[in-house]
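What follows draws every value from the coordinates through simple rules; no lab data is involved. Keep in mind the model is a prediction, meaning the values are calculated, not measured. We place every Cβ from the backbone using ideal geometry, glycine too, and count neighbours over all the protein chains shown.
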Amino acid sequence: MKKILILIDWYTPAYKAGGPISSIYNLTQFLEKEINFYIVTSNKDLNSKKGLQGIKTNSWQQINKSKVIYLDKDFQTKRMLKKIVNDINPDKIYLNGLFSLFFSILPCYLFKKKFEIIINPRGMFGSSALSKKKFKKLLFIKLANTISFYKNICWHISNEAELFELKNNMKVVSKNYIIPNLPKVLKYLNNKIIDNEQLRLISVCRINEIKNIHFVLELLKDINIKCHYKIIGFIEDDNYYQKLKRIVKLLPKNIKVDFTGHLKSNEIEIHYYSSDLFISSSLNENYGHSIVESLSSGLPVLISNNCPWTGLEESFAGFRIRLDKIEFKEKILFFYNLNQDDYKKFNLGARTYFNNYMSPDLHKNNYLNLLSS
C-alpha cells in the first residue's frame with residue numbers, strides 16, 4: 001500500500017482547532033484499508049500550555065490503523081523532520097495550512113524537490129482568515145510568490161470558491177484537486193418530531209468572530225416566538241464570548257440561550273437529534289463539518305452564503321441566504337410555523353441532500369487519485 005505522511009499542527013485527542021482535525025481523522029478512517037497513514041503532530045491543543053492526556057510523546061503509536069507521533073517543542077526540529085521522512089520514505093507528503101513554520105513551511109522547503117507535496121490551505125486564503133495578523137500573512141504570501149516557493153506543489157481544495165481564493169493569492173498554481181472534505185456520517189433520524197411549543201436552534205462551532213454568532217443573537221431580540229438556542233463549541237476568543245454574553249442578557253424572556261462549551265462527538269449527536277434547525281451565520285466557511293453532520297442526521301440547516309453548500313432550498317434541506325437579518329428572521333419563522341408533515345419533507349430532504357452531495361462514498365476514487373496516483 002502507498003505510504004502518506006501527514007503533517008498537522010493538532011490532531012485528536014486535540015479538538016480546539018475544529019475542522020482540520022476532523023477532516024484528517026475522517027480521511028484516515030475512510031481510506032485505512034487502501035493507504036498507510038503516518039501523522040506528525042504536536043503534543044498540545046490549540047492555545048494550550050498543557051500536553052494532551054492519554055498519549056505518548058515523541059514516539060510512534062497506533063490510533064486506529066494510522067501511526068501517529070506527537071512531538072513536543074524540543075523535538076520539533078529540522079533534524080527530526082529529516083529523520084521521520086528518511087525512515088518512512090513516503091510516497092507523498094500532505095501538509096495542512098500555510099503559516100505554520102514546523103508543520104507546513106519547513107517541510108515544504110526541505111522535501112519539495114524529492115517528494116510530491118500536497119497542501120490543503122484549510123481556508124487560509126479566505127479574506128476573513130487573512131484579516132487576522134494580516135500584515136505578516138500578506139508579506140509571507142508576497143515573498144512566496146517572489147521566490148516561487150510553491151512552484152510544482154499540488155493543492156487540495158474543497159470547492160470552487162476556495163480555488164478562486166487560491167488563484168487570487170498565488171501567482172502560479174501548477175496542479176490542484178477540488179475534493180470536498182470527508183464528514184462523519186451520523187445515524188439518520190427519520191421520525192424526527194418538531195417541537196410546536198418552541199423552535200430549537202443549534203450552532204456547533206468555535207466561539208470566535210469569524211463564526212459571527214452575535215448576528216443570530218441580535219436578530220433574536222425582535223422575534224416574538226419561544227426559542228431555545230444552543231451554541232456548542234470551544235471558546236476560542238474570550239473577549240468575543242463576553243460580548244455574546246452581554247447580548248444574551250438583553251434578550252427577552254421568550255429567548256433562551258445556552259453555551260455548552262466543547263462536547264464530545266457522541267454528545268453533540270444527541271443535540272442534533274433534539275433540535276429543529278441548525279443555523280450558521282459564519283463569515284467564512286470552506287466546508288463546515290457541523291453543517292454536513294447536521295444534514296446527515298436529517299436536521300435541516302439555515303446558513304449564510306459564506307458557506308459553500310448551494311441548492312438546499314430546491315432539495316428541501318434548508319436555506320443558504322445572504323447575511324441579512326430580515327431574511328434570516330423570515331426563515332426562522334418559516335420553520336417555527338411548519339406543521340409535522342411539512343417538517344418531515346425537510347427532515348428527509350436534509351438526509352437526501354447529504355447522500356447526493358456529501359457522502360464519503362461519492363469522493364473515494366478522487367481521494368485515491370490524489371493520494372495514490
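Points to keep in mind about this one:
- Reported count of residues in the range 120-148, each being within 24 Å of residue 78 (Cβ to Cβ), among the aliphatic types (A, V, I, L, M) and in contact with a helix residue (DSSP H, G or I) (Cβ under 7 Å, 6 or more places away or on another chain), is 1.
- Any pair with Cβ under 6 angstrom, 6 or more apart, that starts in the range 113-124 at a residue that is farther than 12 Å from residue 152 by Cα and ends at one that is not in a loop (DSSP other than H, G, I, E, B): 120/96; 120/156; 122/20; 122/96; 123/129
- Within the option set 176, 168, 191, being among the polar types (S, T, N, Q) and without any contact (Cβ under 8 Å) to a residue 12 or more places away in the chain holds for one residue only, 191.
- Qualifying residue in the range 236-257 (condition: among the acidic types (Asp, Glu) and in contact with an Asp or Glu (Cβ under 7 Å, 6 or more places away or on another chain)): yes
- Helices (runs of 4 or more DSSP H) wholly inside the range 296-373 that include at least 2 residues being free of Cβ contacts under 8 Å to residues at least 40 places away in the same chain and either among the aromatic types (Phe, Trp, Tyr) or out of contact with any Leu (no Cβ under 7 Å at 6 or more places or on another chain) (or both): 325-336, 340-357
- Test result for residue 221, without any contact (Cβ under 8 Å) to a residue 40 or more places away in the chain and touching a strand residue (DSSP E or B) at 6+ places or on another chain (Cβ under 7 Å): no
- Residue selected from the range 59-92 under the condition crowded, with 16+ Cβ neighbours inside 10 Å and in contact (Cβ under 8 Å) with a residue 60 or more places away in the chain, by the criterion nearest to residue 112 (Cα to Cα): 92
- Among residues of the range 19-58, those that are closer than 19 Å to residue 360 by Cβ, assigned to a loop (DSSP other than H, G, I, E, B) and in contact (Cβ under 8 Å) with a residue 40 or more places away in the chain, counted: 2
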